[in-house]
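A.B. asks: To start, I am sharing the structure in question, which I have written as structure tokens.
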Amino acid sequence: MRVSTAQFYMQSSKQMSSQQSSLNEQVSHISTGKRVVTAKDDAVAYGTLAGYKNDLANIDKYQRNIIQAENHNSLIDTSLSNAEDIMNELRDLMLQANNGVYSADDLASIGQQASQALQQILDIANTKDESGSYAFAGYQIDDAPFVLQADNSVTYRADNGVRELQIAKNVSIATNQSGEKVFEKVPNAIGDFSAIYNINTSGLGVESAVVADPSNYDRSANPADFTINFTTASDLTVTDGAGNVTNITGYAAGQTIAFNGIEVKLSGNPLPGDSFTLTPEQNIGVFDTIKSAIDWINNKDSGGDDPQVQVDFNQILEQLSDSMNHLTSRRAESGINLQVIDRQKSNHLDTELYLASGRSSIEDLDVAAAISTFEQSKVALQAAQQTFTQVQGLNLFNYIR
């Protein structure tokens, strides 16, 4: 078969160009340490590799979110733990003030300590995270959620928003708790009403006041309060907010007083003239309880032997315990979140190792074998180039040209 000079040149150039291109690709693979760089290298492996890389990128995103979620929940856990300690100290101050051996100056000092406890709890409620956002402000993270008023009451001016971060494919975790849920929604110890004692000469106390029969409970009156007045030790009247009066006779200590779907249990033995008002209130805020404690301590020296002073003391002490229990339950929620975070963190590490191993088995280059192949390809190219040069120098070809 006759081969023209032009055809020889074309075939030789094409062959050497292909070899040079292959050699360049091998150099690229060796320099990066990767077997699969583009889909051209291995289309199936490249597609599988893309899946591995996408999954690893998602895990990296989840791990970054986990760090944030862990920091936020740890901050809440620590903050509420400190709040529990302060509330317990306030409870001790109440017990000291009720000792009966302190002077007016001593009680004033205890009152100042109670006011400091209020400020400490307020500071905790207005805690900021590392980014400067308020931890207990719902979605309104730029403004302090709790504001102290001149009368020692505290108002909440944020919302109930719960911020979340996704820490796994189908797992999101809360990074905050709303201030209202933590500091305002403390379940009322006696049930659905709070008791305000109008006249209390016997040391009478309300143990519980609950809506036992919602179908018979009518709170259409405004205010929806009920005032209970003992006309004798066994007879009483119940007056609702509209002025309607219900007479109850034959009451004996320990019995349940039932009216309008409500059941009330009392401690102590009432005396004629004892009177208290029930106001609907299912929750009593932490700050409301602290204010009550401060007011009680500051007014203790004028209480004398008034039975009402001890009734108020017992009620506030119970509310302090309820507040501490509530803070503990809120703290437990963050603890549960931290446990979920730890599990997901561990799962991600295991998955990351698996995916990284799979990616490596597809993507990584056997460098020793690649260098050996490269050397063989280089020798083949050099041989082709040398042959072309030698053939090019033959006289016959020169003559033909």
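The values are calculated or read from the model by the stated rules, or taken from the named source; none is laboratory data. These numbers were taken from a predicted model, which means no experiment stands behind them. Glycine also receives a Cβ, built like all others from the backbone with ideal geometry; neighbour counts cover every protein chain displayed.
A.B. asks: State all residues of the stretch 154-213 that are surrounded by fewer than 16 Cβ atoms within 10 Å (Cβ to Cβ), touching a Leu at 6+ places or on another chain (Cβ under 6 Å) and under 27 Å from A117 (Cα atoms); if no residue qualifies, say none.
C.D. replies: Those that are surrounded by fewer than 16 Cβ atoms within 10 Å (Cβ to Cβ), touching a Leu at 6+ places or on another chain (Cβ under 6 Å) and under 27 Å from A117 (Cα atoms): none in the stretch 154-213.
A.B. asks: Still on this model: Of all residues in the stretch 306-350, which are out of contact with any Ser or Thr (no Cβ under 8 Å at 6 or more places or on another chain) and of a type in the set (K, R)?
C.D. replies: R330, R343, K345
A.B. asks: Is it the case that I110 is within 30 Å of F146 (Cα to Cα), out of contact with any strand residue (DSSP E or B) (no Cβ under 9 Å at 6 or more places or on another chain), β-branched (V, I, T) and in contact (Cβ under 8 Å) with a residue 40 or more places away in the chain? If you could, list the steps in order and put the result at the bottom.
C.D. replies: Details: within 30 Å of F146 (Cα to Cα): yes; out of contact with any strand residue (DSSP E or B) (no Cβ under 9 Å at 6 or more places or on another chain): yes; β-branched (V, I, T): yes; in contact (Cβ under 8 Å) with a residue 40 or more places away in the chain: yes.
Against the criterion (within 30 Å of F146 (Cα to Cα), out of contact with any strand residue (DSSP E or B) (no Cβ under 9 Å at 6 or more places or on another chain), β-branched (V, I, T) and in contact (Cβ under 8 Å) with a residue 40 or more places away in the chain), I110 qualifies.
A.B. asks: So, one more: Here are some conditions: (1) surrounded by fewer than 16 Cβ atoms within 10 Å (Cβ to Cβ); (2) at pLDDT below 95; (3) touching a Leu at 6+ places or on another chain (Cβ under 8 Å). Q119 meets all but one. Which one does it not meet?
C.D. replies: With respect to (1) surrounded by fewer than 16 Cβ atoms within 10 Å (Cβ to Cβ); (2) at pLDDT below 95; (3) touching a Leu at 6+ places or on another chain (Cβ under 8 Å), Q119 is out only on (2).
For every residue, the table says whether it meets (1) surrounded by fewer than 16 Cβ atoms within 10 Å (Cβ to Cβ); (2) within 28 Å of E164 (Cβ to Cβ); (3) modelled with pLDDT of 60 or more.
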{"residue": "Q19", "(1), (2), (3)": "no, no, no"}
{"residue": "S28", "(1), (2), (3)": "yes, no, no"}
{"residue": "S31", "(1), (2), (3)": "yes, no, no"}
{"residue": "V44", "(1), (2), (3)": "yes, no, yes"}
{"residue": "G47", "(1), (2), (3)": "yes, no, yes"}
{"residue": "A57", "(1), (2), (3)": "yes, yes, yes"}
{"residue": "I67", "(1), (2), (3)": "yes, yes, yes"}
{"residue": "H72", "(1), (2), (3)": "no, yes, yes"}
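A.B. asks: Continuing with the same structure: Scan the stretch 157-170 residue by residue and report those that are touching a residue at least 40 places away in the same chain (Cβ under 8 Å) and either outside any loop (DSSP other than H, G, I, E, B) or not assigned by TED's automatic domain parsing to the domain that holds S79 (or both).
C.D. replies: Scanning the stretch 157-170 gives L165, Q166, I167, A168.
A.B. asks: Could you tell me whether any residue of the stretch 123-140 is closer than 20 Å to T328 by Cβ and surrounded by fewer than 16 Cβ atoms within 10 Å (Cβ to Cβ)?
C.D. replies: Quick first cut of the stretch 123-140, residues closer than 20 Å to T328 by Cβ only: 123-125, 127, 135-136.
Still in the list and also surrounded by fewer than 16 Cβ atoms within 10 Å (Cβ to Cβ): 123.
Yes: one or more hits.
A.B. asks: May I pose another question? So which strands (runs of 3 or more DSSP E) stay within the stretch 199-254 end to end and still have 3 or more residues that are closer than 21 Å to A189 by Cα?
C.D. replies: Details: elements: 205-211, 226-230, 236-240, 245-248.
The strands (runs of 3 or more DSSP E) meeting that bar are 205-211, 226-230.
A.B. asks: Say whether the condition of being in a helix (DSSP H, G or I) and in the same structural domain as Q339 (by TED's automatic domain parsing) is met by at least one residue in the stretch 171-179. Lay out the reasoning, then the answer.
C.D. replies: Within the stretch 171-179, the first condition is being in a helix (DSSP H, G or I), and the residues that meet it are 179.
Pick out the ones that are also in the same structural domain as Q339 (by TED's automatic domain parsing) and you get 179.
Among the residues of the stretch 171-179, at least one is in a helix (DSSP H, G or I) and in the same structural domain as Q339 (by TED's automatic domain parsing), which makes the answer yes.
A.B. asks: What residue, among those in the stretch 180-198 that are in a helix (DSSP H, G or I) and in contact with a Gly (Cβ under 7 Å, 6 or more places away or on another chain), is farthest from D77 (Cα to Cα)?
C.D. replies: E184
A.B. asks: In addition: Residue by residue through the stretch 224-276, note down the ones that are at pLDDT 95 or above, of a type in the set (S, T, Y), within 22 Å of P307 (Cβ to Cβ) and under 42 Å from the mean Cα position of the chain (by Cα).
C.D. replies: Matches in the stretch 224-276: T227 only.
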